[in-house]
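Notes follow the structure.
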Number of protein chains: 2
Amino acid sequence: MKKQIKQKIMSAVANDLEQIESHLNSNLDPYLELVQTIAGHILFSGGKRLRPLLMILCARMCGYDREDIFHFSTMFEYLHVATLLHDDVIDAAEMRRGKKAAHLVFGAAETVLTGDYLLAKSLSIAGETGKMEIIQLAARITSEMAQGELLQMKNQRNPHLTQGDYFKIVNSKTAVLIQAACESGAILAGASQDIIGSVSNYGKNMGIAFQIADDILDYTAQTHILGKNAGADLREGKLTLPVIYTLQKASEQECAFIKELIQDVHFSHSAFEKLIDIMEKVGSISFCLEKAKSYSEKARESLMHIPEASEHSVLFDIADFVVARDS
Amino acid sequence: MKKQIKQKIMSAVANDLEQIESHLNSNLDPYLELVQTIAGHILFSGGKRLRPLLMILCARMCGYDREDIFHFSTMFEYLHVATLLHDDVIDAAEMRRGKKAAHLVFGAAETVLTGDYLLAKSLSIAGETGKMEIIQLAARITSEMAQGELLQMKNQRNPHLTQGDYFKIVNSKTAVLIQAACESGAILAGASQDIIGSVSNYGKNMGIAFQIADDILDYTAQTHILGKNAGADLREGKLTLPVIYTLQKASEQECAFIKELIQDVHFSHSAFEKLIDIMEKVGSISFCLEKAKSYSEKARESLMHIPEASEHSVLFDIADFVVARDS
């Protein structure tokens, strides 16, 4: 199922993805080779380019037909990678996109500074659009993402984290960037406030669906598919929806076990398996999937408010893809 | 001498400084209290506000008379503090502005993210000016400062660092920001390209003079004046002009001693004193002071190309102040 949707999307956007790759590469012009190396380490290790792609599709859907969209769209991948670099240092993550995390290869300081470079690059490209709303949007989400990450850190290994807290973190950490990529496309195209609002809603709901699906994967996928270790979130003390829901539904004894696990940096594989069993018993993964699907559905609905264009179909498919299960 | 110039400057800009303080405080509106606390830790611990002050003075010198200049000027203090926060993490510094460095109080991750928040804040205010040149300038120097810091890191404990390398680092790390503060003031005022160029030159040369003077202080001042430990640069492996010049002029035996010192993270107080003796013998401090003065002089000369205004006098004084010796 997931594979088929992917193939359909890929054939629709193959040319766009090629253009994005080429612009990501040529836009990078640091005077230090080291920056190029560190940025390239993560930038060119198989990212999905979801954010630039969404900007391009949304711009085109709203009538924008200039080629400079490919250049502008890179700002959202640079910004995304900048936050990944900083997050890796912060989480002391070991792997990212299937590679050893940058800070372990190049050093934490070098990684922080390359993140700063990419952040600046992203805001510089925002400036090139000449649209003040896009510049302000880029600055605002950069600030919001930093605060979202801090909020998550503050709640590290906090077993009392609520679903409300979780959605607040997901919104700040992930959704605002995807939302901004979509919204910027519409702004660039000079769309009406109504249309911009609908495009923005599509992005926001897609972003939330995307993050929930990603958080589910951390409990269901194998390391080689994930590109990082399964259970990595929990090991880092990040409580996501699958665990939060399980804590709400599990027995007292099970909760005690999970709370212990949360505090244990080096939990065993068998302890992790036991957690998965409890999750299945309380139906946590199905619950989370349903949640993700409901956000994906909201994203689809938002598109209904936008005049029909050929991009609708692939944007629908992307919303489906995000929550489709491997099969 | 230095004290008198300071008093003269302070009485000329007392009102401006008050306005800067008030805007620095009220512009800060994170949704997380933690960000306010971490940012405030360094933001309100006695910085000189040199960068916002220069933007205000340069704008006014070029005919800008709107009150929003105080708001806009904060972008350069936020950007400065953002880089200080990241630098502290990177250098693993112990003290800053007379306080324990933020990462030791709040944690490295929290400090990096608060730096990101301030960086975004700064670029957001740049956007509010509505001047695309200022936005691009802010983005460009952010990228350049990150690369300057990386260049310095790459050359940590490198005894072969040349004066050329040093000036390249000083330019990227320090001068571009002071230059941009001055230049932005002129741009905001709608000055001609010629005038903007002269204001920019003033800032650049002032910035270099300022950094050389700061690097000298690390070898001449007492800890309580410096707000950080004397000899801290060398301990962190940062080779600055006083050491680079000394290595060029000292005897073979002395150079061998200095090179050993450079590699020694925990050198003794008496070893540091011996280095100071060699510096005095080869006249390194006088050489550096002369260098700083020559840049300060270039800054003064740049002002000559700008139509006479009441701000000239205090801008001259600031150029003098930067290189004046305590006495």
(Q) I want to confirm something. Restricting to region B:95-111 and keeping residues that are hydrophobic (A, V, I, L, M, F, W, C) and more than 21 Å from residue B:74 (Cβ to Cβ), which single residue is nearest to the other protein chains (Cβ to nearest Cβ)? (A) B:109
Q) Is it true that some residue in region A:236-252 is assigned to a helix (DSSP H, G or I), touching a Leu at 6+ places or on another chain (Cβ under 7 Å) and closer than 25 Å to residue A:174 by Cα? A) yes
(Q) Looking at the structure I just gave you, is residue A:87 closer than 25 Å to residue A:139 by Cα and within 14 Å of chain B (Cβ to nearest Cβ)? (A) yes
Q: Among the candidates A:286, A:270, A:296, single out the residue that is crowded, with 17+ Cβ neighbours inside 10 Å and in a helix (DSSP H, G or I).
A: A:296
Q: For residues that are of a type outside the set (Ser, Thr, Tyr) and outside any helix (DSSP H, G or I), tally how many sit in region B:110-131.
A: 2
Q.
Going by what's in this entry, would residue A:36 be described as more than 15 Å from the chain's Cα centre (by Cα), among the polar types (S, T, N, Q), within 14 Å of chain B (Cβ to nearest Cβ) and part of a helix (DSSP H, G or I)?
A. yes
Q: State all residues of region B:266-308 that are among the aromatic types (Phe, Trp, Tyr) and out of contact with any helix residue (DSSP H, G or I) (no Cβ under 6 Å at 6 or more places or on another chain); if no residue qualifies, say none.
A: B:272
Q. Hey, which of the helices (runs of 4 or more DSSP H) in region B:132-233, taking only ones fully inside, have at least 2 residues that are away from chain A (no Cβ under 14 Å) and closer than 30 Å to residue B:267 by Cα?
A. B:163-170, B:193-220, B:223-226
Q. Of all residues in region B:167-188 being of a type in the set (Gly, Ala, Ser) and without any contact (Cβ under 8 Å) to a residue 60 or more places away in the chain, which is nearest to residue B:140 (Cα to Cα)?
A. B:172
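Per-residue answers, yes or no, for (1) touching a Cys at 6+ places or on another chain (Cβ under 6 Å); (2) at pLDDT 95 or above; (3) crowded, with 20+ Cβ neighbours inside 10 Å; (4) of a type in the set (Phe, Trp, Tyr):
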{"site": "A:162", "(1), (2), (3), (4)": "no, yes, no, no"}
{"site": "A:185", "(1), (2), (3), (4)": "yes, yes, yes, no"}
{"site": "A:188", "(1), (2), (3), (4)": "no, yes, yes, no"}
{"site": "A:220", "(1), (2), (3), (4)": "no, no, no, no"}
{"site": "A:229", "(1), (2), (3), (4)": "no, no, no, no"}
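Per-residue answers, yes or no, for (1) in contact with a Pro (Cβ under 9 Å, 6 or more places away or on another chain); (2) small (Gly, Ala, Ser); (3) under 21 Å from residue A:322 (Cα atoms):
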| site | (1), (2), (3) |
| --- | --- |
| A:26 | no, yes, no |
| A:34 | no, no, no |
| A:40 | no, yes, no |
| A:47 | no, yes, yes |
| A:51 | no, no, yes |
Q | Sole exception among (1) modelled with pLDDT under 95; (2) in contact with a Ser or Thr (Cβ under 6 Å, 6 or more places away or on another chain); (3) within 14 Å of residue A:125 (Cβ to Cβ); (4) within 14 Å of chain B (Cβ to nearest Cβ) for residue A:75, by number | A | (1)
Q) So which pairs qualify, if the first residue must be in region B:269-298 and within 30 Å of residue B:201 (Cα to Cα), the second must be hydroxyl-bearing (Ser, Thr, Tyr) and assigned to a helix (DSSP H, G or I), the Cβ gap must be under 6 Å, and the two must be at least 6 apart or on different chains? A) B:284/B:245; B:284/B:246; B:287/B:245
Q.
Given the criteria within 14 Å of another protein chain (Cβ to nearest Cβ), surrounded by fewer than 20 Cβ atoms within 10 Å (Cβ to Cβ) and within 26 Å of residue A:154 (Cα to Cα), does residue B:92 qualify?
A. yes
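The values are calculated or read from the model by the stated rules, or taken from the named source; none is laboratory data. All values derive from a computational prediction rather than experimental measurement. Heads up, the Cβs are rebuilt from the backbone with ideal geometry, glycines too, and the neighbour counts pull from every protein chain shown.
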